[in-house]
């Protein structure tokens with residue numbers, strides 16, 4: 001058994017999950033689409049804060065998942081980890097975004 005996983009075949013921590021997340025985003029175009037989608041999610045949240053229009057909150061998951069799933073289905077050609085690890089995948093999206101905008105990971 002992979003020591004990063006628990007007996008229930010799940011990753012034991014986000015730190016154990018993140019290398020798998022990165023592996024599932026090996027395609028550069030997929031990563032770029034994720035970064036753009038995450039940036040749009042952040043922009044939609046800022047728009048909500050500025051306008052108090054709740055439609056921006058509805059736009060957030062549509063933008064985030066829409067861009068991410070296009071990246072997976074058309075470029076990476078794999079199943080998004082969101083289906084099995086929804087919270088850790090979301091955290092992975094934001095970490096990937098942060099690593100990209102800070103220059104730690106290539107865009």
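So here's what we get for this one:
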item: Residues located in the stretch 5-46, provided they are more than 18 Å from residue 91 (Cβ to Cβ), without any contact (Cβ under 8 Å) to a residue 12 or more places away in the chain and part of a helix (DSSP H, G or I); result: 43, 46
item: Unmet requirement for residue 85, which otherwise passes all of (1) touching a strand residue (DSSP E or B) at 6+ places or on another chain (Cβ under 9 Å); (2) exposed (fewer than 12 other Cβ atoms within 10 Å of the Cβ); result: (2)
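Each value in this text was obtained by applying a stated rule to the coordinates, not by laboratory testing. Treat the numbers as computed from the prediction; the structure is a model and nothing was measured. Backbone-built Cβ (ideal geometry, glycine too); neighbour counts: all protein chains shown.
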